1. Give the residues of region A:111-146 that are without any contact (Cβ under 8 Å) to a residue 60 or more places away in the chain and under 14 Å from the mean Cα position of the chain (by Cα), sorted by residue number.
2. Only one of (1) in contact with a helix residue (DSSP H, G or I) (Cβ under 6 Å, 6 or more places away or on another chain); (2) surrounded by fewer than 19 Cβ atoms within 10 Å (Cβ to Cβ); (3) at pLDDT 75 or above is not met by B:Val80, so which one is it?
3. Of the numbered conditions (1) farther than 21 Å from B:Tyr177 by Cα; (2) facing chain B (nearest Cβ under 9 Å); (3) of a type in the set (Ser, Thr, Tyr), A:Tyr166 satisfies every one except a single condition; which is it?
4. Does B:Cys127 meet the test of being hydrophobic (A, V, I, L, M, F, W, C), more than 13 Å from every other protein chain (Cβ to nearest Cβ) and buried (at least 17 other Cβ atoms within 10 Å of the Cβ)?
5. Of all helices (runs of 4 or more DSSP H) completely enclosed by region B:1-57, which ones contain at least 1 residues that are at pLDDT 85 or above and out of contact with any Pro (no Cβ under 6 Å at 6 or more places or on another chain)?
6. List the number of the failed condition for B:Ser75; all other conditions in (1) part of a helix (DSSP H, G or I); (2) modelled with pLDDT under 80 hold.
7. Of these, B:Arg133, B:Arg109, which one is buried (at least 19 other Cβ atoms within 10 Å of the Cβ), more than 9 Å from every other protein chain (Cβ to nearest Cβ) and modelled with pLDDT under 90?
8. State yes or no: is B:Asp175 in a helix (DSSP H, G or I) and closer than 18 Å to A:Asn176 by Cβ?
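The values are calculated or read from the model by the stated rules, or taken from the named source; none is laboratory data. Quick caveat, the model's predicted, so the values are computed rather than measured. Using ideal geometry, Cβ is built from the backbone for each residue, glycine included, and neighbour counts are taken over all protein chains shown.
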Protein chains: 2
Amino acid sequence: MKNHIITISRQYGSGGRKIGKQLAEKLNIPFYDKEVIDLAAKESGLAADFIRGQEQQLTQSLLFSIVTNFTGGGSLNPNVLSLSDQVYLAEANAIRQLAEQGDCVIVGRCADGVLEKEQELLRVYVCADLSERCKRAVEEYGDKPDNIQKTVKEIDKQRARYCQHYCDRAWEDADNYDLCLNSGKLGLDACVNIIQTAYEQMKKE
Amino acid sequence: MKNHIITISRQYGSGGRKIGKQLAEKLNIPFYDKEVIDLAAKESGLAADFIRGQEQQLTQSLLFSIVTNFTGGGSLNPNVLSLSDQVYLAEANAIRQLAEQGDCVIVGRCADGVLEKEQELLRVYVCADLSERCKRAVEEYGDKPDNIQKTVKEIDKQRARYCQHYCDRAWEDADNYDLCLNSGKLGLDACVNIIQTAYEQMKKE
C-alpha cells in the first residue's frame, strides 16, 4: 500500500518550510527537510557539509555524464557522474527511504518528481509576492538587505533549473501541482489549514 | 471600499465553472460567467452572439491596432480596433461594472487582470490531468470523443494566448494566482471548501 506524502516546493522566502513544519506537527507525521541531507550523507558516504554546499548547484548534466562516460558493455559507474548528479541520486534515495516509512511532509529537493510513481502524493507549491519574500528573507532568515531582491530571485532560478533538469518540468507551472498557495495573501495559518483539508480529502479516497 | 472578488481561471474540462457556481451559492454571492457577455453586449452595442463567437479568438493585437491606427492629435477611435480588442474592452467594462456591485465570483475572461488594481481579489486557477478533463468534456459538456485530447489542448492554448496578450502574463504560472487547485486530485467539493476557507480568511483581514 502506498503512503500519503505531502511534498512542498516553495519559493525562497515564502515561508513554505514553516508551513510544512506546522502542518506536520498538526497532523502528527514526520517533517523532513535537512533530514534528507543527513540520511543521504549516511547512505552515500558523501559528507553532509559537502551535500549542503552542492545542493541545487548544477554542474554537469546527468544525461551529458551518461552520454560522455558510458561507453557500453558495463553498468553505469557512479564515479563518473558529476558532483551534482551524485548529490541528486543520494538525496533521491534518501527521499524514497523516508517516504517508505509512512505518511510525511517533505520540503524541497523535487521530492514530487522522485516519488510520483511510488507513493500517493499531495504536491504543494508555496509562493508569495517578491516584496513579502524579501522581507521574510531579511527578518527571519537573516539575509543581508543589500541586493536582497537579486538574491531571492537567484535562489528561485536555481530551484527552477534544478527541477527542470532532474524532473523535466517547469517548477512554477501550476499544472504540475495539486495545490498552489500564495502565503502572503492567505497567511501561513490558512495555508496549513488548506493543506490539511486537502490531505484529509486524499486519505478518504 | 473595495469588494472581495473571487476570479476563477480554469483549464477546459477541469470543472472550474461548476466549482465557481457551487461556491457562489454557498457564499450567497452572485456568480458571473455568460452574464459578462450579456452585459458587454448591452453596453457596447455588439451582439451577444457575435461576442460569444469572437471570445478568445485573437485577431489582431491591441497594441498593433493602436500603433497602426493612432496617428496622433485625437483620442483613440474604437472603430479602428480589431474585433477581438473590441470584445475584450466590452467585456472588461462589463467585468468592472459587475465587480463594483459587490462581492462575487467571476469565471474566465482574465477578470483577475482586469480588476487587479481596483478590487480585493482572490485569484483562483483550477486545473486537472488531461485524461480527467477529456472525460468531463465528453460526458458533461457533450464534446465529440474524436480527437478530444487535441480539442481540449487547443482551447487551453487559446486561453493562455488570450491571457498573455491582454494581461501580459503566463496563464498557467502559479505565481500569478493566490490559489491553484487540481480538481481531479482534490474533488470538486473539496475545491469549493478550500476556496471558501481562503475567501473567509481574506474577508477577516
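1. Once the filter is applied, which keeps residues that are without any contact (Cβ under 8 Å) to a residue 60 or more places away in the chain and under 14 Å from the mean Cα position of the chain (by Cα), region A:111-146 yields A:Gly113, A:Val114, A:Glu116.
2. (3)
3. Failed condition: (2).
4. Spelling it out, it is not the case that B:Cys127 is hydrophobic (A, V, I, L, M, F, W, C), more than 13 Å from every other protein chain (Cβ to nearest Cβ) and buried (at least 17 other Cβ atoms within 10 Å of the Cβ).
5. In region B:1-57, B:16-27, B:34-44 are the helices (runs of 4 or more DSSP H) which contain 1 or more residues that are at pLDDT 85 or above and out of contact with any Pro (no Cβ under 6 Å at 6 or more places or on another chain).
6. (1)
7. None of the other options fit; the residue is B:Arg109.
8. Yes, satisfied.
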